[in-house]
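Quick notes on the structure that follows.
No value in this document is a laboratory result; all are computed from the given coordinates. All values derive from a computational prediction rather than experimental measurement. Cβ atoms come from the backbone with ideal geometry, glycine included; neighbour counts cover every protein chain shown.
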Amino acid sequence: MNKRVSDFLPARRDVLKLGGYGILGAFADQALWPIQARAAGRANPRGTARFCVLIELAGALSHLDSFDFKESEGTPKDLDVRQVRNDLYLSHRLFPELSKEMDKVSIIRSMKSHEVVHFRGQYYTQAGRPLNPALAPEIPSVGSVIAYELEKQRRETDTFPTYIGCNLDTAGCGALSTGFLHPKYSVLDLNLKSGGGAMSVDGEAAKVLEERYRLLHELDQAMKEGRTGRDRGFAGFRDFQHSAYQVLGDARWPKAFQMAKEERERYGENEVGLGCLLARNLIQADAGTRYMHITHPDWDHHKNIFEHSSKSNHYIRCNEFDRAMANLLRDLSAAPSPREKGKTLLDETLVVMATEFGRTPGALNGVKGRHHYNLCYLSLFAGGGVKGGRILGATDKDGAQMVETGWKYRKMQPKTENLYATIYSAMGIDWRKELTGTPSKRNYKYIDVIGATEMVMDDEIADLFV
């Protein structure tokens, strides 16, 4: 009986997939438009990071109960707030591990969001710009833009996707597509809690795969003439086939998913813990993955934010994030760089915590929670050339209003656009570049200065590096 590759592999359709909108947009004709770049060189990117790990706290971290602590009527008695250094107080109950690593981390406390609802806010966090329904089908995720920019740096040995996501399917907007960019820049979205993702083939299965792939190539060549004028869609599909073939035949792929019980316990058996552990492994493998977007879901605590008996509360989510990010920073800072003597993998990796907005200041609401709040919130940065142990920006005594922006623009708060300009800069990408030839004929600017509610500075947050 003829054997198939699937005979040797478990069914993992819910584990390893091109996320949600990603697979739909990837095969659209508009993804293959002849785009052109212009205005390159207007910015002066730093190029201090080879990798970036973005941890998205989806649902919104309460800034005033965490890294911009403000005591109020809503403050629980058991937070055990301690002075980490002169300008920083943290709850030891919520952040026992990160409290020891804050010399590596810089905080921006003056962030402001265009958005105040989750779907739009989480789209904003992936796309780097507010949602415009008329243009959304052609807008790529920031991860796809990074994959497009770094394509020329890929080596023959790079078989892993440039852009990998973890749990993007849990976000309200799902995994965004490549928009007008080519399908090969799509995210490979993994849901590690569903059972892994370490699929590979060897032995007899490898021979079957190789033979099937050879026959597929011969069939493709035989049908080539009949596809005249329709080959763009087929080209995208062939790219996906080739990428899958490379990954399945690379022994480094299953190795990246080898997570010892001790390590899983240390990072945490949850979305953010497993995601950060995988990110560490992918960075150590250095097999082509450069940008990782990890979604940590379920931060939307409108009620019972500090209720211990609740299935989800701030204690649980903060402890999960705390353990995951702290151990990622420790492991990367302890691993020497294979490229530059005297440096570590953390020196080469920008680690960012982002969230869509903050939570309402003051006392808790009538159901013991905090609602959405966009006038002030925060983000964290570490590694990749960032000077750790600093705080940029300040809010008033209640955490309700910005009193200091913390960067050179004294009257404009940094926004998600500036967070991504900083990531682009660290990864050596001109964040002021524009792409022309889009389906709508509207130039795509990496940083769009015309935001949903007000103008945006198209600049990095340079104060993080100096």
Going residue by residue through the range 147-164, the Karplus relation 6.51 cos²θ - 1.76 cosθ + 1.60 with θ = phi - 60° gives ³J(HN,Hα) values, rounded to whole Hz and with x marking Gly or Pro, of 4, 4, 5, 8, 4, 5, 8, 5, 9, 4, 7, 7, 9, 6, x, 4, 10, 10
Once amide hydrogens are built 1.01 Å from N within the peptide plane, the residues lying 5 or more places from R432 or on another chain with amide H under 5 Å from its amide H are A43
Residues other than S66 with Cβ under 11 Å of its Cβ, Lys/Arg counted +1 and Asp/Glu -1, net out at +1
In debye to the nearest 20, the charge dipole size for the range 85-125, taken about the Cα centre with +1 at each Lys and Arg Cβ and -1 at each Asp and Glu Cβ, equals 80 debye
Classified through the alpha carbon gyration tensor (a ≥ b ≥ c as square roots of its eigenvalues; rounded if a/c is under 1.5, else prolate when a/b is larger than b/c, else oblate), the range 406-466 comes out oblate
Taking a ≥ b ≥ c as the square roots of the eigenvalues of the Cα gyration tensor, with a/c under 1.5 meaning rounded and otherwise prolate when a/b exceeds b/c and oblate if not, the range 334-458 is oblate
Rounded to one decimal in nm, the spacing of the 7 Å Cα→Cβ label points at A400 and K77 is 2.7 nm
About its Cα centre, the range 255-391 carries a charge dipole, from +1 on Lys and Arg Cβ atoms and -1 on Asp and Glu Cβ atoms, whose size in debye to the nearest 20 is 240 debye
So R93 and K261, fully extended at 0.36 nm per residue minus their Cα-Cα distance, gain in nm 58.0 nm
Subtracting the Cα-Cα distance of D103 and R38 from 0.36 nm times their residue separation yields 19.5 nm
Computed ³J(HN,Hα) along the range 113-118: with the Karplus parameters 6.51/-1.76/1.60, θ = phi - 60°, integer Hz and x for glycine or proline, the list is 10, 6, 10, 9, 10, 5
In debye to the nearest 20, the charge dipole size for the range 327-435, taken about the Cα centre with +1 at each Lys and Arg Cβ and -1 at each Asp and Glu Cβ, equals 220 debye
